[in-house]
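S.K.: One structure, as structure tokens, below. Some questions next.
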Amino acid sequence: MTAADPHSQARRAGTSRRTALQALGAGLALGAAVWPRSAAAQSYQLRLAALSAQRIPAQAVIDRFVAKYPGSSVNMTAADIDQLYTSTRVSLAAGTAAEVLTVQPGNGNPITIGQLNRFIGDLSGFPFAPKIPKSLDALVRFDGRLLMLPIVLSTIGGIYPTKTFESRGWTLPRTWTEFLALCEKIKASGMIPIAAGNGTNWVNQLITYALLPSIVYADNPNFNEDRRAGKVKFATSGWKEALNKYLELQKLGFLSPNPNGTSIDEQLQMVASGKAAMAIVTSGNLANMFKFAGHRDFAIMPIPASSDANKFWTTASASTGYAINAKAAGSEAARAFMNFLAEPDSVNVFASAAVSPTVLPSAPNPEVDRIFRSWSELFRAGRTTPYPDFTWPNPRAQQIHNAGIQELLAGKTTVDDVLRRMDEAYDA
Amino acid sequence: MTPESASLGGRPAQSRAPRRRRAVRRVAWWFLAPALAIYVLVIVYPMLAGIWYAFTDWNGLDPDYRFVGLANFRRLAGDPQAVSSLKMTFVFAIAIALLQNLFGLALALALNERLRLRDPLRLLFFMPVVLTPLIISFLWKYIFSTQGPLNTVLAMAGLGAWQLSWLGDPMPAVASIVIATLWQSVGLAMVIYLAGLQSIPAELTEAARLDGAGPWQVLRFVTLPMLAPAMTVTIVNSLITSLKLFDQIYVLTGGGPGYATETMSTLIYKTAFTFAETGYGSAISVVFTFAVAAVVLAALHVLRRREFEHG
């Protein structure tokens, strides 16, 4: 074969064309193999089951997630806690649950990590795992596995209008006596001291939980462990004092009328409209309070329940967090979303929308610092305890407490009877 | 093809007819099969599964559960909550069935007369029937709320003393649920009674009037006996729906205050889903199903006998 051989030239030309085409084909094939994968890595589809109180913060993070990964979609369904109990369990049992789920710490209600532990994935290997404070291990771990990503801290206290308090010279109390005196002043001014929304089932527990830290946990921070070991009972502990003080607030006329017939929305609206001076609820309700009031001049105060200011304690809990459905543990989309959620910028966006202190590192937030100032003092002093029910062995005791409060406020039962039934349910 | 021509094939027509009937039946079964399969899948299988779970300690989630025999039923027998819920279920059922029929009949009698606004009024009273109970319950929850329209109207009318915690005190809460349920269901009873009234021959009432019967006597001795079949339908229907009442209670009170409006339906829901005791919840369901069936069958027996007595 010579250079002058037209056939060989033609063959060469054919060969080079074939080679070029083969190379192009291989390139396209490689591209086709690689390109969709890299595109898929940048575009995720997943579902998120959220608590309706966290719809706004969750949506804020979702918007950022979709902006970072164009073409992604996060289908969020949000429901109130009572509906979430049912929908989460039923969808998990049916195998149709969302990839990312809302969970709560402990074992005391149907969506706690203890109850769902076989159905949610271990997050220990995620990059954010080491950033979760060790002090929260009891809340976010179950049987040694990290099952919940907490974003914000929550507390139970009185949400109050700061300008009203400042203009009337009302100062925040540090003892039960001071608290009653404050309520008396508020009542004398023509306002309702405490708006109560006991018509919403889960709200019933909140005043008890706000009082218990000073009465029970200030003296015995290990009360939960002692209760589990059977060393103490609800009926013979500070729980009795807490429930009696709850009733004392009603007897003194400090609670709004018809508490059992009032929903949490009405409760918040009473404060937002200036009819009432405070609503003792979880800090997660601050965003709704802002919405109802049309301004953000509110803060949250811990409720003292002891006559000794040194025993002034309050609650601090990662009451809600996110978990991965075990069936989606290998899902790139779920992993990407959880990692994104734990990024400092996302935590900051979430916490700002939720108006809450953060669990994970994030940028400073002056508004949150202002709103939680009195709570932060107790938090820094180590005078906080998680919500009392998170270590309970079953959801029944909590429900008996909620219904029992309604019965107590309606005068249909006694404190001893409620606590006896709670002990029975706890020990069952 | 005539029977004669059919017999030309060498087989008598009588022997072919059963074969044809069998063939028709076979075809009918093929047509029925898809619907039956769906029915078995979504009704029969879950029902049987529910009965099976009643003998287990399943929590509704874990695939592992134990067979516990009659333990759930023994627990139910000693559960004061179940007893009080059963009582409340019958309180609601009796109150709603009675009032629904009473108001339904009264409306039907009134709207069977020649009124100028008869048709629009019939439509108006029937309209709530086609709405979703859940939506209606949320509307009533707003109306009954402490600061809601009902208390506001009472205050404006100078009836401040009548303002109540409609959903927060036990007795008003029960009454509120009954009112919300009746508001929706009375229209259905009215329509059934109207149909019954229109089937009564005019000659009967005219003859009674000619015999000197007054309006009350016509109602008592002619209209009501002739309405016996309609009564059977509405009473049985209202008994069944009010015994399994759930949406209205769930939305309006959640079974509260305390347990004041807790019925078997809400108890079953809470036990199975909130307390994560699906096995026990299934046991309550099984017992309750038989209780409802017994009550409805007894009512049906009495009402049918009444129909027979009235010819």
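S.K.: What are the residues whose amide H is under 5 Å from the amide H of A:Phe142, where those residues sit 5 or more places off or on another chain and H is modelled from the backbone?
M.R.: Residues meeting the criterion, in which the H sits 1.01 Å from N, are A:Leu147.
S.K.: Charges on Cβ only, +1 for Lys and Arg, -1 for Asp and Glu, centred on the Cα centroid of chain A; of A:Ile194, A:Met76, A:Ser43, which one is farthest towards the dipole's positive end?
M.R.: In chain A, that residue is A:Ser43.
S.K.: Based on the alpha-carbon gyration tensor of chain A and its eigenvalue square roots a ≥ b ≥ c, which shape applies: rounded if a/c is under 1.5, prolate if not and a/b is larger than b/c, or oblate?
M.R.: Prolate, since a/c reaches 1.5 and a/b exceeds b/c.
S.K.: When the Karplus curve 6.51 cos²θ - 1.76 cosθ + 1.60 is applied with θ = phi - 60°, which whole-Hz ³J(HN,Hα) does each residue of the range A:110-125 get, with x for Gly and Pro?
M.R.: Working through the residues one at a time gives x, 10, 6, 5, x, 6, 9, 4, 7, 10, 10, x, 6, 9, 4, x Hz.
S.K.: If contacts are Cα pairs under 8 angstrom and at least 6 residues apart, what is the relative contact order of chain A in percent?
M.R.: Relative contact order for chain A comes out at 24 percent.
S.K.: First check a/c for the range A:280-428, with a ≥ b ≥ c the square roots of the eigenvalues of its C-alpha gyration tensor; if it is under 1.5, answer rounded, and if not, answer prolate when a/b is larger than b/c or oblate otherwise.
M.R.: Oblate, since a/c reaches 1.5 and b/c is not below a/b.
S.K.: For chain B, what are the DSSP H helices with axial Cα length of 20 Å or more and mean Kyte-Doolittle hydropathy of at least -0.5?
M.R.: Both cut-offs are met by B:13-39, B:80-111, B:170-198, B:228-243, B:278-309.
S.K.: Would you pull out the residues with amide H under 5 Å of A:Ile192's amide H, same chain only if 5 or more places away, H placed 1.01 Å from N?
M.R.: HN-HN under 5 Å from A:Ile192: A:Ala276, A:Ala277.
S.K.: Peptide A:395-403: average number of partner chain Cβ atoms within 10 Å per residue?
M.R.: Per residue, the number of nearby Cβ atoms from other chains is 4 on average.
S.K.: Kindly state, to the nearest 0.05, the FRET efficiency for A:Ser167 paired with B:Ala157, given R0 = 45 Å and r defined as their beta-carbon distance.
M.R.: Between A:Ser167 and B:Ala157 the formula returns 0.80.
S.K.: Where a ≥ b ≥ c are the square roots of the eigenvalues of the C-alpha gyration tensor, would you call chain B rounded, which needs a/c under 1.5, or, failing that, prolate if a/b is larger than b/c, or oblate?
M.R.: Verdict is oblate for chain B.
S.K.: Which distance in Å, rounded to a whole number, links the C-alpha centroids of the range A:133-202 and the range B:124-202?
M.R.: Their Cα centres are 38 Å away from one another.
S.K.: Taking every residue in B:134-140, how many Cβ atoms of other protein chains lie within 10 Å of its Cβ, on average?
M.R.: Numbers: counts 0, 0, 0, 0, 0, 0, 0.
Averaged over the peptide's residues, the number is 0.
S.K.: When the Cα centres of the range B:255-311 and the range B:48-95 are compared, how far apart do they sit, in Å?
M.R.: Measuring centre to centre over Cα atoms gives 12 Å.
S.K.: So if we plug the beta-carbon distance of A:Arg228 and B:Arg19 into 1/(1 + (r/R0)^6) with R0 = 51 Å, what FRET efficiency do we get, rounded to 0.05?
M.R.: The calculated FRET efficiency here is 0.10.
S.K.: Continuing with the same structure: Considering the options B:Pro133, B:Gly69, B:Leu86, tell which one lies farthest towards the positive end of the dipole of the range B:69-188, charges being +1 on Lys and Arg and -1 on Asp and Glu at the Cβ, about the Cα centre.
M.R.: B:Gly69
S.K.: Taking H placed 1.01 Å from N in the peptide plane, check which residues at least 5 places from A:Ala316 or on another chain put their amide H under 5 Å from its amide H.
M.R.: Distant-sequence amide H within range of A:Ala316: A:Thr385, A:Tyr387.
S.K.: Then there's this: Work out the length of the dipole vector of the protein assembly as shown about its Cα centre, built from +1 on the beta-carbon of each Lys and Arg and -1 on the beta-carbon of each Asp and Glu, and round it to the nearest 20 debye.
M.R.: Computed about the Cα centre, the dipole is about 2220 debye.
S.K.: I'd like to know which of A:Gly294, A:Val140, A:Tyr387 lies farthest towards the positive end of the charge dipole of chain A, counting +1 on Cβ of Lys and Arg and -1 on Cβ of Asp and Glu.
M.R.: Ranked along the dipole, the leading option is A:Val140.
Read-outs throughout are calculated quantities, based only on the coordinates presented, and are distinct from any laboratory measurement. Just so it is clear, the model here is predicted, and its values are computed rather than measured. Quick reminder, even Gly has a Cβ in these numbers, built from the backbone with ideal geometry, and neighbours come from all protein chains shown.
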